[in-house]
1. Kindly list, by first and then second residue, each pair from a residue in segment 463-477 that is over 19 Å from N233 (Cα atoms) to a residue that is surrounded by fewer than 24 Cβ atoms within 10 Å (Cβ to Cβ) and of a type in the set (K, R), limited to pairs with Cβ atoms under 8 Å and residues at least 6 apart or on different chains.
2. What are the pairs with Cβ atoms under 6 angstrom where one residue, in segment 37-58, is among the hydrophobic types (A, V, I, L, M, F, W, C) and the other, located anywhere, is modelled with pLDDT under 95 and open to solvent by less than 40 Å² (accessible area, probe 1.4 Å)? Sequence gap at least six, or different chains.
3. If only one of D341, D366, D329 is open to solvent by less than 40 Å² (accessible area, probe 1.4 Å), at pLDDT 95 or above and of a type in the set (D, E, K, R), which one is it?
4. Taking the residues in segment 444-491 that are among the polar types (S, T, N, Q) and open to solvent by 40 Å² or more (accessible area, probe 1.4 Å) as candidates, determine which candidate is nearest to T226 (Cα to Cα).
5. Only one of R123, R118, R81 is charged (D, E, K, R) and in a helix (DSSP H, G or I). Can you tell me which?
6. Would you say H178 is closer than 21 Å to L367 by Cβ, at pLDDT 95 or above and in contact with a helix residue (DSSP H, G or I) (Cβ under 8 Å, 6 or more places away or on another chain)?
7. Taking the residues in segment 30-63 that are outside any helix (DSSP H, G or I) and out of contact with any strand residue (DSSP E or B) (no Cβ under 9 Å at 6 or more places or on another chain) as candidates, determine which candidate is most open to solvent (accessible area, probe 1.4 Å).
8. Would you mention how many residues in segment 105-114 are in a helix (DSSP H, G or I) and buried (at least 16 other Cβ atoms within 10 Å of the Cβ)?
Amino acid sequence: MKSIWKEGLNNPGDYPTLTESIEADVVVIGAGITGLTVAQQLAHPGKRVVVLEARSVGGGCTGGSTGNLYSTLASGLSSIRKKWDDEAIRDVVESRAEAIDHIEATVAQFGIDCQFQRRPLYRLLTDVDSQSMESLESEREAMTQAGLHVMTEETPPLPFPVTRGLRLDNQAQFNAFHYVQGLARALGGLGVTLYEHSPVRDIDYKRGIVETDGGRVIAKHIVHATHTPKGVNLLQTEMIASREYAVSARLNDGSYPEGICFMLDPFHSLRSYQHQGDTYVMAIGEKHQTGEGQPESDHYQQLRAYLTTHFNVKEIEYQWSAQQYSSADGLPYIGRAHINDHTYVATGFSADGLTWGVLAGMVIGDLIRGRDNPWHQRFDARRFTPLKSATQWAKENVSVAKHFAKDYLSAEKLKALDGIVPGQATVATIDGEKLAIHRNEAGEFSVLSAVCPHMKCLVHWNEAETSWDCPCHGSRFDTQGEVIEGPSYSPLEKRHSS
């Protein structure tokens, strides 16, 4: 199964692969919603903007998103308020509302068919206990202090009972994949040059050279719009990478939820979507740290069970997943990288990446043009917040150290591959080398080095998505070793099955 968002696009873009050396004023790495918003801000006569995409436009996290847009945060504003202050949560809300308005204006400007609609957002409890009620009341207070008009909701549009909830109007939903495909076409007409299937393999920051498999871009400004910076970056020690899953189904009745429903049970996100005359309900959840999901658990099956428990399901037709990177102090890192003043990053979006990505594109576009941006200082990627960041920094780096020690010692020793049955994958030691071994259903082996090229952790098998995932900083690889996403420049090295 695949993402419902990628269905129904009559004219997807088809862009060339970079096969030569070219020059540009700005090179943007990543053609998701962040990278294309940066390019949109810079698209005007005389500015040479090149966008490099490792796979296809919107095919990464943008195409695996929820399609929800909101000025609050999925995890709530109250935790940010405790860590920061009231001014910080007002900045969060105002900046994110501005980003949603930007999407709405872009849809109108270029006539992008992506089903953009204003919708309410709900935060809902199915069980009432003192702790959950206290948490909901704390969130109401934070939302009010942030300038939001929040209402009590007792009868949300759901076919199962809800005991208490909050409602926030004038949020939005759309198909993010269709949006970026439409934006990419529009930017092509404005002089932006876009290359697909052109993964970045190395960057020379001193000379401003970005290398791909078949070419290079020489540019003054380099933008990492890749959800996490490529290569080794200081910010990666402060972020936790996570996976979250989604399933989508048609129902036997018309009880589709209208709006964004955040179920605090402990957390699922519900919404509906119309596609080719049919309506679908989707459930998102089952979040776990990348590379650390239990191999025997089927995250998709858990979501299917959740959906069938709460709705009269006719058929589940789609399933997909996406990656998140959570910052140490709760706010995203947007702006100039530590390495120099001409390199820019946008990361740490957690589960709120569509709106943060657009805001990041707007901020970085202003920085490159030399314009003041009211949100730059708040989300500055160079900020230093040791007290606010200490807990997560410690958690992430203890996790990395744990995997270095445990994984290298625990890989089972094999003398041959015969014991691996079709459909199975494992990390094992053969002749002293750590190998990632996968045998497909046809019985064919793929044998790779299990050492992640990024920071030398060992990859883990992700059974739900048939991928090799690094638990240290979130690099992910397919069964042939190619990079799917994450900071690694290079694929896993191939080994002979003999």
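1. S467/R476; W468/R476
2. Pairs found: V57/G13.
3. Of the residues listed, the single one that is open to solvent by less than 40 Å² (accessible area, probe 1.4 Å), at pLDDT 95 or above and of a type in the set (D, E, K, R) is D366.
4. By that ranking, first place goes to S490.
5. Checking each option against the conditions leaves just R81.
6. No.
7. The residue in question is P45.
8. Number satisfying all stated conditions: 3.
The values are calculated or read from the model by the stated rules, or taken from the named source; none is laboratory data. Source: prediction; values computed, not measured. Here the Cβ is made from the backbone with ideal geometry for all residues, glycine too, and neighbour counts use every protein chain on show. Note: accessible area is taken over every heavy atom of the protein model, side chains too, but ligands, DNA and RNA are not part of it. Shrake-Rupley method; radii C 1.70, N 1.55, O 1.52, S 1.80 Å.
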